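Visitor: Quick one: structure below, then a few questions.
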Amino acid sequence: MQQLEQDIKAALSAAIQQVFGATVAAEQLVMQPTRKEFAGTFTLVTFSLTKSLGKSPEQIGQALGEWLAANESRVSGFNVVKGFLNLEIGDSEWLRQFAEMLARPDNAPVPSNGPQRVVVEYSSPNTNKPLHLGHLRNIFLGYSVAEIVKATGATVTKANLINDRGIHICKSMLAYQRFGQGETPQSSGIKGDHLIGKYYVLFERHYREEIRQLEAEGVAQDIAKRQAPLMTQAQQMLLQWEQGDEEVLALWKQMNGWVYEGFDETYRTIGVDFDKYYYESETYLLGKERVEEGLQKGVFFRKDDGSVWVDLKEEGLDEKLLLRADGTSVYITQDLGTAELKYQDFNYDSSVYVIADEQNYHMQVLQGVLHKLGKPYAEAIHHLSYGMVDLPSGRMKSREGTVVDADELVQEMVDTARRTTQELGKIEGLSSEEAEQLYHTLALGALKYFLLKVDPKKRMLFNPEESINFQGNTGPFVQYTHARIAAIMRKATELGLTGGQIDGLESLHETERDAVQLLAGYPGVVAEAARLLAPSILVQYVYEVAKAYNRFYTEVPVFGEPDEPKRRFRVALSAQTGRTLKAGMRLLGIMVPERM
């Protein structure tokens, strides 16, 4: 499709030379997809040519359209609407493109000029709480971006930076130490990450009570927050951790181990994976070395209290703390170490950080600090910022225990998929085991699709009931379309109609033409989604493909078609649509069922 567009632009450039005696390079021409209410595939915008050609937009469009219709075999017709020349591509060209699709291997890389060594960091959870709905948007976005970029032929590493140290981790540890009474995941029957999250919430509850008590004694709130016994003890525990206190380290390893087991179970359930794990506890020391390097180079400075800072005001930012007065590190410290480790490991052209938009400033600071240090990979850092996920009930808050737990949400989605599917009677002929697998496939498809279809930068409202709908722009609608095609292909196999032969066909039905045109655009859509790191582009595409196929299926017969070439073409079109839907959904991390 991209090549066809380039060829038509070249033909238009030649037409301008022939008709008007003027030279306009093909890349200077403004061409866009034709709007659905007009006949055509490509539309040339002629307004910008009026000055150089000395004619009105309509005159230019008419003259160029006539020349192309007479001299470019792929253009079968045209129409001019004010300053727009709509060009219709002939069926012979679409049949030629369709034949190329059939010959192309399913795993053929999509042509792209993007980076070739890419690291995508996503999930990056804290070990003080279980994964929640907000994490799911991050995880699905990161996984899909990695798969889409990989489809362009790039070498992609999926990285997970575990935030396994810091004051927030010490809060859970201290609360467990004070109130845990030796409780374990085994003794409590609670999944490890959920158990530790319970103590994080417990810390915050007792901490707020201590603040209230201090305020009642006349202490100002900001001072009370710093002087509350639990907070000072948590800060002391962090210091002990950095100093290598054996008892603190033993508790830290035990509790983190429980959390990792819980995380791994969730990752398996939702169908995502990682190639490389980094741990903040192993990167912050390298980050401290970079801070020392910056001091020696004179690009960082130390304040009177001993803390280390960087001045980024010239970059439009501010002064940023890099190391506390007591020598303990902050987030940016370990981020400096992790960025360098990733570069040492993979020599990346692009390092994508999937991090919520609340950290936009932090990521600007990280890049600014790396520039100050003169690091060659500073420009390679890319922040894929995404908005928060809200529910009809409002925003989630981890400290108050009001988050929507990822495990519970997935189970709720499975239950909803089971109820909806049974009501619609879409499990006929399936065993109970196959039905349960279908519910899980539909549930995760609905969840991932809904979270990915919104542009990452936009804040979004998640509605579980709406996401599981079998009609409209939803995962189950696309999945059901694939299952319908799979059933058609099983029947085609029985009738001996497979093989993809399309000889003897000269014209296409409108719905066939629309479907082929969409299918031809698949490589370009994947390339664009990779360039913009935007799975939402691919989500909209698979929806349009599914919608076009259902229109085709409704308006023309497949097996009831008496003409043999048409019948075989429609089977081949069904097969190619099924392959495209499966491939596109796979890049979104979504499985498609063979039976429903």
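Visitor: Of all the residues that make up region 341-370, how many are in contact with a helix residue (DSSP H, G or I) (Cβ under 8 Å, 6 or more places away or on another chain) and free of Cβ contacts under 8 Å to residues at least 24 places away in the same chain?
Guide: The total comes to 1.
Visitor: For region 138-154, indicate whether the set of residues that are of a type in the set (S, T, N, Q), farther than 23 Å from residue 280 by Cβ, part of a helix (DSSP H, G or I) and within 16 Å of the chain's Cα centre (by Cα) is non-empty. Quick ask: steps written out before the conclusion?
Guide: First pass over region 138-154, keeping only residues of a type in the set (S, T, N, Q): 138, 144, 152.
Next cut, farther than 23 Å from residue 280 by Cβ only: 144, 152.
Those left that are additionally part of a helix (DSSP H, G or I): 144.
Retained after the next criterion (residues that are within 16 Å of the chain's Cα centre (by Cα)): 144.
Within region 138-154, one or more residues are of a type in the set (S, T, N, Q), farther than 23 Å from residue 280 by Cβ, part of a helix (DSSP H, G or I) and within 16 Å of the chain's Cα centre (by Cα).
Visitor: In addition: Could you please tell me which pairs satisfy a Cβ distance under 6 Å, a separation of 6+ or placement on different chains, a first residue in region 2-20 that is in contact (Cβ under 8 Å) with a residue 12 or more places away in the chain, and a second residue that is surrounded by fewer than 15 Cβ atoms within 10 Å (Cβ to Cβ)?
Guide: So the pair list comes out as 16/22.
Visitor: Check region 436-449 and report whether any residue there is of a type in the set (S, T, N, Q) and surrounded by 21 or more Cβ atoms within 10 Å (Cβ to Cβ). Spell out the reasoning first.
Guide: Residues of region 436-449 of a type in the set (S, T, N, Q): 437, 441.
Retained after the next criterion (residues that are surrounded by 21 or more Cβ atoms within 10 Å (Cβ to Cβ)): 441.
Scanning region 436-449 turns up at least one residue that is of a type in the set (S, T, N, Q) and surrounded by 21 or more Cβ atoms within 10 Å (Cβ to Cβ).
Visitor: Residue check: is residue 265 closer than 30 Å to residue 414 by Cβ and either touching a residue at least 60 places away in the same chain (Cβ under 8 Å) or among the basic types (Lys, Arg) (or both)?
Guide: Working: closer than 30 Å to residue 414 by Cβ: yes; either touching a residue at least 60 places away in the same chain (Cβ under 8 Å) or among the basic types (Lys, Arg) (or both): yes.
So residue 265 passes the test.
Residue by residue, here is whether (1) within 31 Å of the chain's Cα centre (by Cα); (2) more than 17 Å from residue 589 (Cα to Cα); (3) not charged (D, E, K, R) holds:
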{"residue": "423", "(1), (2), (3)": "no, yes, no"}
{"residue": "440", "(1), (2), (3)": "yes, no, yes"}
{"residue": "447", "(1), (2), (3)": "yes, no, yes"}
{"residue": "453", "(1), (2), (3)": "yes, no, no"}
{"residue": "467", "(1), (2), (3)": "yes, no, yes"}
{"residue": "506", "(1), (2), (3)": "no, yes, no"}
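Visitor: Condition test on residue 384, is it buried (at least 16 other Cβ atoms within 10 Å of the Cβ), modelled with pLDDT of 95 or more and closer than 30 Å to residue 461 by Cβ?
Guide: Details: buried (at least 16 other Cβ atoms within 10 Å of the Cβ): yes; modelled with pLDDT of 95 or more: yes; closer than 30 Å to residue 461 by Cβ: yes.
Yes.
Visitor: Can you say whether residue 45 is outside the structural domain of residue 503 (by TED's automatic domain parsing) and under 39 Å from the mean Cα position of the chain (by Cα), as far as the supplied structure shows?
Guide: Details: outside the structural domain of residue 503 (by TED's automatic domain parsing): yes; under 39 Å from the mean Cα position of the chain (by Cα): yes.
Considered against the rule, which asks whether it is outside the structural domain of residue 503 (by TED's automatic domain parsing) and under 39 Å from the mean Cα position of the chain (by Cα), residue 45 comes out as yes.
Visitor: Still on this structure, I have one more. For residue 170, which of the numbered conditions (1) touching a Ser or Thr at 6+ places or on another chain (Cβ under 6 Å); (2) modelled with pLDDT of 95 or more fails to hold?
Guide: Result: residue 170 fails condition (1) only.
Visitor: Suppose we filter 14, 25 for residues that are closer than 30 Å to residue 110 by Cβ and surrounded by fewer than 14 Cβ atoms within 10 Å (Cβ to Cβ); which single one remains? Quick ask: steps written out before the conclusion?
Guide: Details: 14 fails: surrounded by fewer than 14 Cβ atoms within 10 Å (Cβ to Cβ).
Just one listed residue meets the conditions, 25.
Visitor: Could you tell me whether region 44-55 includes any residue that is at pLDDT 90 or above, assigned to a loop (DSSP other than H, G, I, E, B) and under 30 Å from residue 572 (Cα atoms)?
Guide: No, region 44-55 contains no residue that is at pLDDT 90 or above, assigned to a loop (DSSP other than H, G, I, E, B) and under 30 Å from residue 572 (Cα atoms).
Visitor: Only one of 384, 322, 336 is of a type outside the set (Lys, Arg), in contact (Cβ under 8 Å) with a residue 40 or more places away in the chain, outside any helix (DSSP H, G or I) and in contact with a helix residue (DSSP H, G or I) (Cβ under 6 Å, 6 or more places away or on another chain); which? Break it down into steps so the answer makes sense when it comes.
Guide: On the way: 384 fails: in contact with a helix residue (DSSP H, G or I) (Cβ under 6 Å, 6 or more places away or on another chain); 336 fails: outside any helix (DSSP H, G or I).
Unique residue meeting the criteria: 322.
Visitor: Can you confirm whether residue 586 is surrounded by fewer than 20 Cβ atoms within 10 Å (Cβ to Cβ), within 28 Å of the chain's Cα centre (by Cα) and more than 24 Å from residue 502 (Cβ to Cβ)?
Guide: Details: surrounded by fewer than 20 Cβ atoms within 10 Å (Cβ to Cβ): yes; within 28 Å of the chain's Cα centre (by Cα): yes; more than 24 Å from residue 502 (Cβ to Cβ): yes.
The answer is yes for residue 586.
Visitor: Looking at region 494-507, is at least one residue in contact (Cβ under 8 Å) with a residue 12 or more places away in the chain, in a helix (DSSP H, G or I) and among the small types (Gly, Ala, Ser)? Before the answer, list the steps.
Guide: From region 494-507, those in contact (Cβ under 8 Å) with a residue 12 or more places away in the chain are 495, 497-507; that's our starting set.
Right, trim to in a helix (DSSP H, G or I) and you get 495.
Among the residues that remain, those that are also among the small types (Gly, Ala, Ser) are: none.
Within region 494-507 (the criterion being in contact (Cβ under 8 Å) with a residue 12 or more places away in the chain, in a helix (DSSP H, G or I) and among the small types (Gly, Ala, Ser)), the answer is no, since none of the residues qualifies.
Matching residues to (1) surrounded by fewer than 20 Cβ atoms within 10 Å (Cβ to Cβ); (2) touching a Pro at 6+ places or on another chain (Cβ under 6 Å):
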site	(1), (2)
174	no, no
178	yes, no
182	yes, no
195	no, yes
199	no, no
208	yes, no
214	yes, no
219	yes, no
224	yes, no
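The values are calculated or read from the model by the stated rules, or taken from the named source; none is laboratory data. Keep in mind that this is a model prediction, so the values were computed, not measured. Neighbour counts are summed over all protein chains in view; Cβ atoms, including those assigned to glycine, are modelled from backbone coordinates with ideal geometry.
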